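The next block holds one structure in the form of structure tokens; read it before the comments.
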Amino acid sequence: MKFPSRLERTAYHEAGHAVMLLTLNQKFIFVSIGPEGNPKGSIDPRNFEEKWTSPRTELGILQTNLVKLPKGEIEKQILICYAGVVAEKLKFEDFQGEGENRLLDMDSDYRSIKLCLKELNEKDTYFEKCKELLIANQSIIDTIALTLLEKKH
């Protein structure tokens, strides 16, 4: 098996977010990945309840709105944010390149997770819960990621 490209990793990362949104019955408009030279991905989640703050909002807005969210909604935020890196780890478990701690070092998802955990004042058990949910939906993650990659070629 060849080492995955950044574009492949990004496709699985964004597919993980999309599948977690679907698993949690959250709406989203699109999921996309950039070109190989700049393989940033994005997903545009939308929940039409005013109290909801999407995981892609600015961190300051997220921090301000967390106090307005019930515990269950904050827990969803954590699962959605974890889903990208968890999907990458599930697919490319043998490949730790680009840094196993990529999430810890630079990912805005992790900063959002830290804010949510601080608000809940709880120990982090969400990574494992996220992993269980995504393992159960691995074929959907594969389908979304491969579709994203096909559209880039």
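Please treat every number below as a calculation from the coordinates, not as lab data. Treat the numbers as computed from the prediction; the structure is a model and nothing was measured. Positions of Cβ are generated from backbone atoms using ideal geometry, with glycine treated the same way; all protein chains shown enter the neighbour counts.
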In what sequence do 32, 139, 112 fall when counting other Cβ within 10 Å, fewest first?
139, 32, 112
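Computed FRET efficiency, Cβ-Cβ of residue 138 and residue 111, R0 41 Å: what is it to the nearest 0.05?
For residue 138 and residue 111, the calculated efficiency is 0.95.
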Considering amide H positions built from the backbone, and no H for Pro or chain starts, which residues 5 or more places from residue 34, or on another chain, come under 5 Å of its amide H?
40, 41
Listed by chain and number, the residues whose amide H is under 5 Å from that of residue 28, excluding neighbours fewer than 5 places away on the same chain and using placed H, are 46
Taking 32 Å as the cut-off for C-alpha to C-alpha distance, list the pairs among 71/151; 27/91; 118/151; 27/151 that go past it.
71/151; 118/151
